[in-house]
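Enquirer: I have a structure I would like to understand better, so I am pasting it below and will then ask my questions one at a time.
What follows is calculated from the coordinates using simple rules that are stated; it is not laboratory data. A quick note: this is a predicted structure, and the numbers were derived from the prediction, not measured. For neighbour counting, all protein chains shown are included, and Cβ atoms are generated from backbone atoms with ideal geometry for every residue, glycine included.
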Amino acid sequence: MKTKICHISTAHPTFDTRIYHKECRTIAKNGYDIYLLIANSKDEVSDGVKIVHLPKENGRFYRFFKKRKIAFKKAVEINADIYHFHDPELIPVGVKLKKLGKKVIYDVHEDVPKQILTKEWLKSDFIRKLVSNIFNKYEKKAAQNFDKIVCVSEDIAKNFNMNRTVIVRNFPVISDIDSIKAIDIEKKTPVVIYAGGLTKIRGIKEIIESMAVLKGEVKLWLLGKWENKNYEEECMKSKGWEYVEYFGLIPQKQAYSYMKKADIGIVNFWPVDNHVSALPNKPFEYMACELPMIMSDFEYWNCVFKDCFLGIDPKNPEDIARTIHNLLFDKELMKELGENGRNFVLEKYSWESEGKVLLNAYKELKNN
């Protein structure tokens, strides 16, 4: 009889890159009976993954209370051997499942205590620090209940008991990317691309403002979902918006076709605690598409992505513009950075190797 595994998320989209495209599809391909309990309009089966729908309402209050209760009820009905949840708000659900005698994995995508320090809806630094400290203690104590803690980086793993920690990094699925062709769009100027969450602390407005400095020398392609309506409107009013093409939130594989057509990939994260030691998806995807990169000049990123990008001050549109201009006029450097990045992911940093780490964690739980 197949081992039944149930992934749960109340905060991520159905076809999330890490949860669905990487983890769930890998599990399905390796003979497990895999369920994904997540916000979706209907129950369906995709790539061998049985998607069980949760309501799509995403208000903070609704997610934390009503949606969480629905998730627990449906998780119990699935009656899996192993539960694998992805959101800190689901910690109480994980604890309840442990009390029912189930094996439970907590997948930590972000350093949440550090992330809380950037939340503007918490109205003061004092409140942010207080909430961050409280959550830090709560998360560490709750994590002692779980069989495994899956972390996206070594830095996040340090927050937990190392005996239970498994590091499964956000590296790209090379076979998926290589199967995609560049989109058939005519380009009249070189293109800089950013694909991902369009948020304030990811420096989207500063990238747009750098377009005004460049005065049409390049076009900026933006793909993704805006943080909120206010920030979207603020960016659209910025100098430089006339040089932007916004394509909206599109499926992951389609996003690769845009990356393959672009000339430069950009990651302009602000230097907040949750960013300076993070390993986001985007650089690895750009490198797999052989894109030269311009990225925030963080010490950690200079170590990890050495010889694959040029560094920028993420809060300085003039510096961003100058770096884009200089790179575009150095075709040899563009080629070198792109080739270095591509070789980098092929040799060391592909999901094909990380997926094996996850599968070994399941085997260990299954056999214990």
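Enquirer: Relative to the longest principal axis of the C-alpha atoms of the chain, give the angle of the C-alpha long axis of helix 125-143, reported between 0 and 90° and rounded to the nearest 10°.
Expert: The answer is roughly 40 degrees.
Enquirer: Quick one: compute the contact order of the range 175-347, relative version, from alpha carbon pairs under 8 angstrom and 6+ residues apart, as a percent. If you can, show how the numbers build up before the last one.
Expert: Working: 309 pairs, mean separation 40.9, N = 173.
RCO, the range 175-347: 24 percent.
Enquirer: What is the distance, in nm, between label points placed 7 Å from the Cα along the Cα-to-Cβ direction at Asn163 and at Lys56?
Expert: Calculated label separation equals 4.6 nm.
Enquirer: Between Val357 and Asp178, take the C-beta separation as r, use R0 = 30 Å, and let me know the FRET efficiency to the nearest 0.05.
Expert: That pair, Val357 with Asp178, gives E of 0.90.
Enquirer: For every other residue with a beta carbon closer than 13 angstrom to the beta carbon of Glu299, add +1 if it is Lys or Arg and -1 if Asp or Glu, then tell me the sum.
Expert: Result for the neighbourhood of Glu299: -1.
Enquirer: Can I ask one more? Label Lys366 and Asn30 with points 7 Å out from Cα along Cα→Cβ: what is the distance between them in nm?
Expert: 0.8 nm
Enquirer: Measure up Lys56/Lys315; Lys66/Lys158; Lys225/Lys315; Lys50/Lys73; Lys22/Lys73 against 23 Å on the Cα-Cα distance and list the ones that go over.
Expert: Over 23 Å apart, Cα to Cα: Lys56/Lys315; Lys66/Lys158; Lys22/Lys73.
Enquirer: Using only the alpha carbon atoms of the range 175-347, find the Kirkwood hydrodynamic radius as the inverse mean reciprocal pair distance, in angstroms to one decimal.
Expert: That comes to 15.9 Å for the range 175-347.
Enquirer: Further question on the same structure: Which residues' amide hydrogens lie under 5 Å from the amide hydrogen of Val150, considering only partners 5 or more residues apart or on another chain, with H built in the peptide plane?
Expert: For Val150, the qualifying residues are Tyr106, Asp107, Val108, Val166.
Enquirer: State, as an integer percentage, the relative contact order of the range 204-269 based on alpha-carbon contacts under 8 Å between residues 6 or more apart.
Expert: Computed over the range 204-269, the figure is 40 percent.
Enquirer: While we're looking at this one, here's another question. Answer with one residue from Ala182, Ala361, His325: the one whose Cα lies farthest towards the positive end of the charge dipole of the chain, charges on Cβ with Lys, Arg +1 and Asp, Glu -1.
Expert: Of the listed residues, the answer is Ala361.
Enquirer: By DSSP, what percent of the beta bridges with both residues in the chain are antiparallel, rounded to the nearest 5?
Expert: The answer is about 5 percent antiparallel.
Enquirer: Can you pick out the pairs among Lys188/Lys261; Lys102/Lys366; Lys141/Lys366; Lys2/Lys363 whose Cα atoms lie more than 18 Å from each other? It would help to have the intermediate numbers written out before the result.
Expert: Values: Lys188/Lys261 12 Å; Lys102/Lys366 11 Å; Lys141/Lys366 24 Å; Lys2/Lys363 12 Å.
Over 18 Å Cα-Cα: Lys141/Lys366.
Enquirer: If you filter the range 36-139 for trypsin sites (Lys or Arg not before Pro), then keep DSSP loop positions with at most 13 other Cβ within 10 Å, what is left?
Expert: Lys42, Lys56, Lys119, Lys123
Enquirer: Just to confirm the number: angle between the C-alpha axis of helix 252-261 and the first principal axis of the chain, 0 to 90 degrees, nearest 10?
Expert: 20 degrees
Enquirer: I'd like the orientation of helix 317-328 relative to the chain: the angle between its Cα long axis and the longest Cα principal axis, in ° from 0 to 90, rounded to 10.
Expert: Once rounded, the angle reads 80 degrees.
Enquirer: Within the set of other residues whose C-beta is less than 13 Å from the C-beta of Asp330, count the net charge using Lys and Arg as +1 and Asp and Glu as -1.
Expert: 0
Enquirer: Report the relative contact order of the chain, percent, no decimals, based on alpha-carbon pairs under 8 angstrom and at least 6 residues apart.
Expert: Contact order relative to length: 14 percent.
Enquirer: Another one. If you take every residue apart from Glu364 with its C-beta less than 14 Å away from the C-beta of Glu364, what net charge results, scoring Lys and Arg +1 and Asp and Glu -1? Present the calculation step by step, with values, prior to reporting the outcome.
Expert: Working: positive: Lys103, Lys148, Arg164, Lys356, Lys363, Lys366; negative: Asp81, Asp147.
After counting each charged neighbour, the total is +4.
Enquirer: Okay, moving on. Output the peptides 81-91, 163-173 sorted from most to least packed, where packing is the average of other Cβ atoms within 10 Å over each peptide's residues.
Expert: Numbers: 81-91: 22.7, 163-173: 18.7.
Output ranking for 81-91, 163-173: 81-91, 163-173.
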